[in-house]
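See below for the structure under consideration.
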Amino acid sequence: MSLIAAKILVTPTLMWAVSAAARRWGSLVGGLLSGLPLTSAPISIYLAAEQGERFAADAAIGSVEGLGAVTASYLAYAVSAPRMGILAAILLALAYFILGGALLHGLLQPGLWLATAIDLPAMALVVALCRSRTGTEAPVRRSRPPRWDMPARLAAATALVLLVSTLAPHLGSGLSGVLAPIPIISWPLIVFARVQDGVGAALDVVRGSAQGAFGVLAFYVCVHLLLGRIDPVAAYAVSIAVSALCVLPWLVARRRPRAA
């Protein structure tokens, strides 16, 4: 099955699952789940199967750099969302993603470990910034989503993944890696949370996505280190397990009752 066909099937299913989780447990949990390598892992697996394990391992470096660009977009949105309208904040976040990708992958090319050292504090800053700002907005009454809500989310996510899937195979391992961590699931959730429940809910999704990004980062580091050295099935199994372990503490902390 081609990458496009696979992602047409996988992405709407994952989008539906994460959206349902967000409705059931809140925007923060939805953002946290959407931050996992739910779409980037299938891309990496496909690249390994079609282009070879070395290609996928090299692409993982570009993905760590791309994750820094994604984090820059989250940071821009966290700062601008309370002050700007929906469209302006999204466009600014997109500009920061492009700028971050141009700097990290096009100009600086820091490599795996330096890019990791850049990503970690940046992701922590997004988490802290969103946590401090979500409490500043008056609570918004959560309304029942309209009937078109879920189909619109699925269509938005699928349209984005088709764009990425069409371009990625032609760009080489580096740029394919940069495109892989684009938050295809997170950004539709952010937009719909903003429209339906306000800035605070959107920032909750951003915070959860930044928390989930720690798992995405672990996934790519493991893929680069393990792929080509051990069986590829084992390499991806370990990478996904380590990614999940990095996210588990956030979920546990989210479910722990607050002290009176």
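The values are calculated or read from the model by the stated rules, or taken from the named source; none is laboratory data. Just so we're clear, the structure is a prediction, and the values are computed from it rather than from any experiment. Positions of Cβ are backbone-derived with ideal geometry, glycine not excepted, and every protein chain shown enters the neighbour counts. What goes into the accessible areas is simple: the full protein's heavy atoms, side chains included, and nothing from ligands, DNA or RNA. Shrake-Rupley method; radii C 1.70, N 1.55, O 1.52, S 1.80 Å.
Listed conditions (1) over 18 Å from the mean Cα position of the chain (by Cα); (2) at pLDDT below 70; (3) buried (at least 22 other Cβ atoms within 10 Å of the Cβ) are all met by residue 7, apart from (1). For region 175-196, residues that are at pLDDT 75 or above and open to solvent by less than 20 Å² (accessible area, probe 1.4 Å) total 8. Being hydrophobic (A, V, I, L, M, F, W, C), buried (at least 24 other Cβ atoms within 10 Å of the Cβ), out of contact with any helix residue (DSSP H, G or I) (no Cβ under 6 Å at 6 or more places or on another chain) and touching a residue at least 40 places away in the same chain (Cβ under 8 Å): is that true of residue 43 here? Considered against the rule, which asks whether it is hydrophobic (A, V, I, L, M, F, W, C), buried (at least 24 other Cβ atoms within 10 Å of the Cβ), out of contact with any helix residue (DSSP H, G or I) (no Cβ under 6 Å at 6 or more places or on another chain) and touching a residue at least 40 places away in the same chain (Cβ under 8 Å), residue 43 comes out as yes. Name every residue in region 78-89 that is surrounded by 17 or more Cβ atoms within 10 Å (Cβ to Cβ) and either modelled with pLDDT under 90 or part of a loop (DSSP other than H, G, I, E, B) (or both), in order of residue number. 81 - this is the single residue of region 78-89 that is surrounded by 17 or more Cβ atoms within 10 Å (Cβ to Cβ) and either modelled with pLDDT under 90 or part of a loop (DSSP other than H, G, I, E, B) (or both).
Take region 58-103 and flag every residue that is under 17 Å from residue 224 (Cβ atoms) and over 19 Å from the mean Cα position of the chain (by Cα). First the steps, then the outcome.
Quick first cut of region 58-103, residues under 17 Å from residue 224 (Cβ atoms) only: 58-68.
Of everything in region 58-103, just one residue is under 17 Å from residue 224 (Cβ atoms) and over 19 Å from the mean Cα position of the chain (by Cα), namely 58.
Among the residues of this structure, residue 117 does not count as one that is farther than 24 Å from residue 240 by Cα, aliphatic (A, V, I, L, M) and modelled with pLDDT of 90 or more.
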